[in-house]
Amino acid sequence: AYQRVQQKEKAEAVTKRKEEKFGKKEDRMAAYSGFLRKKSSIAEKRKDYEELWRTFPAEPKPIDWQYMKYIHSTYLRMLADSNRWDDFKKLAAEARPDLKAETMQTYNSLAWDWAKKGTKLEEAANFSKQATEWAKAQITQPRTAGDPSARTDAQIRKSRESAYSTYADTYGYVLFQQGKATEALPYLEDAAVTYGKFKNAEINERYIQALQKINPDAVKEVAEKSIKKGKTTEAINVALKQIYIKTKASEEGFDPYLADLKRIAAENSRAELREKMILKPAPAFSLVNLEGKPVALADLKGKTVIIDFWATWCGPCIASFPGMQKAVDKYKNDPNVVFVFVDTWQTEADKRKNAADFIEKKKYTFNVLLDDKDEVVTSFKVSGIPTKFIVDKSGNIRFKSVGFGGNTDALVEELSTMIALANENSQP
């Protein structure tokens, strides 16, 4: 704030106090860069990893704590991918308590990857069970002492329930892949219904697949609720059609029946999103894109702007990009809708090249802006990525969307509804 009002001495005084308490960010960035060197060996990675944690004690947390957690997860995954299981298990067992969540996240990730490939299912079940039991136990735990988070206790519990839903889905899927549908069912029910509230189409699908084997009479109700929630897949639609034909002895009338369920979903989605609308001025910014051209938000006034904060290391960001490309394609001929993708929280020495190489490799047609100093992501008060903002024609933020639900078509549909509502409700 002092920098913005050109009070240099006060700004420097705050910076000095910050560095005295948390250390210089530049020093940590150098350490991160050393760890992330692509050509260094696992042994060198280990040395860098240990040096990082020697340099930065548990308290006070570095300002860029998210990078430290990312380093831990990345190193664990490197050890796993290199089949260095003794080192992996040792690191996981000895990791600091405040890195437990990242360790469990890695367990879940490995289990999911193995289950999708149908390999190492025993190991997958072991890792996934640990992560799932840990996540469920966290739901009722009090918030961490000294937790500076601005989130309420209710918000923290909701976040923990969401994490458990994800881990329970993985464990249920692993058990299902092992042919243990009966054991899988309660975990998949927790993931899809009890804690998931039918909010994830793929999780709903896996629950229905288990129901088809264990309790087929329950499939119709679950499938209808999934569709009404707008969280369906083609497999769910097919499952419902099969039940319809079995009951009616004909498929006649199914299409209108399905269309009516989808109409309800569209109406519910629009009503829910309307309730989530906000109205606050978007922070001004001007960034350079990959072509070296400046892009200022002020110059886009009169258009609806979708701002997507992302990073090349962010798994959910990357997973969402096929859907974002569909959305970009959908509006490519609409001059009143603009998408910008703000690359942020990167530690690479050449951030432009890092982002450009990724976009070129994936062949995305995104207008990528470089938030080299992480100033724009800070001004928008982003706490995690991907985070999207829908800015109306008058420059007001109307929607904020965090994360990615996993369904490409649902992402496009939700964005389309947000854009429509922002257009209809644009205010000076």
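Observations
- Which listed residue, of 368, 391, 382, 377, is over 30 Å from residue 202 (Cα atoms), open to solvent by less than 30 Å² (accessible area, probe 1.4 Å) and aliphatic (A, V, I, L, M): 377
- Just one of the numbered conditions (1) closer than 29 Å to residue 114 by Cβ; (2) basic (Lys, Arg); (3) at pLDDT below 75 is not true of residue 61: (1).
- Condition met for residue 31 (among the small types (Gly, Ala, Ser), loosely packed, with under 14 Cβ neighbours inside 10 Å and at pLDDT below 80): no
- Residue ranges of helices (runs of 4 or more DSSP H) in region 67-165 with at least 1 members β-branched (Val, Ile, Thr) and either farther than 29 Å from residue 43 by Cα or open to solvent by 50 Å² or more (accessible area, probe 1.4 Å) (or both): 121-138
- Residue among 172, 179 that is open to solvent by 40 Å² or more (accessible area, probe 1.4 Å) and closer than 25 Å to residue 234 by Cβ: 179
- Residue among 362, 353, 326 that is open to solvent by 30 Å² or more (accessible area, probe 1.4 Å) and without any contact (Cβ under 8 Å) to a residue 12 or more places away in the chain: 353
- Contacts under 6 angstrom Cβ, first residue in region 184-195 being under 14 Å from residue 132 (Cα atoms), partner charged (D, E, K, R) and open to solvent by less than 40 Å² (accessible area, probe 1.4 Å), 6 or more apart: 188/206; 191/169
- Restricting attention to region 253-287 and to residues that are modelled with pLDDT of 95 or more and acidic (Asp, Glu), the residue that is nearest to residue 397 (Cα to Cα) turns out to be 260.
- Residues of region 80-121 that are more than 22 Å from the chain's Cα centre (by Cα), on the phi < 0 side of the Ramachandran plot and touching a residue at least 12 places away in the same chain (Cβ under 8 Å): 80, 82, 84, 87, 88, 91, 92, 95, 96, 121.
- Every residue from region 300-313 that is of a type outside the set (Asp, Glu) and crowded, with 20+ Cβ neighbours inside 10 Å: 304, 305, 306, 307, 309, 310, 311
The values are calculated or read from the model by the stated rules, or taken from the named source; none is laboratory data. As the structure is a computational prediction, the values presented were derived from the model and not from experiment. Please note: Cβ atoms are built from the backbone with ideal geometry, for glycine as well, and neighbour counts cover all protein chains shown. These accessible areas exclude ligands, DNA and RNA; they are computed on the full protein's heavy atoms, side chains included. Shrake-Rupley method; radii C 1.70, N 1.55, O 1.52, S 1.80 Å.
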